[in-house]
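Quick notes on the structure that follows.
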Amino acid sequence: GYAGRPASASPAVGYYAKHNEQQKALLDAAFSKLKGFVLTK
């Protein structure tokens, strides 16, 4: 599925705390399927 912010006229939410909350949710959604994997070079 899609992991990102809903459509908006602005590319950013405008509040640092809200940005951090959305950023964490985005990264959690994007990488949740990789839990348990070890990434190496």
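Every number in this text was worked out from the coordinates using simple rules, so none of it is lab data. Just so it is clear, the model here is predicted, and its values are computed rather than measured. Glycine also receives a Cβ, built like all others from the backbone with ideal geometry; neighbour counts cover every protein chain displayed.
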Pairs please, first residue from segment 21-41 and closer than 14 Å to Tyr2 by Cβ, second anywhere and surrounded by 10 or more Cβ atoms within 10 Å (Cβ to Cβ) and among the hydrophobic types (A, V, I, L, M, F, W, C), Cβ atoms under 8 Å, 6+ apart in sequence or on different chains. Gln22/Val13; Leu26/Ala3; Ala29/Ala3; Ala30/Ala3
So which residues in segment 1-20 are part of a helix (DSSP H, G or I) and either touching a residue at least 40 places away in the same chain (Cβ under 8 Å) or surrounded by 10 or more Cβ atoms within 10 Å (Cβ to Cβ) (or both), if there are any at all? Lys18, His19, Asn20
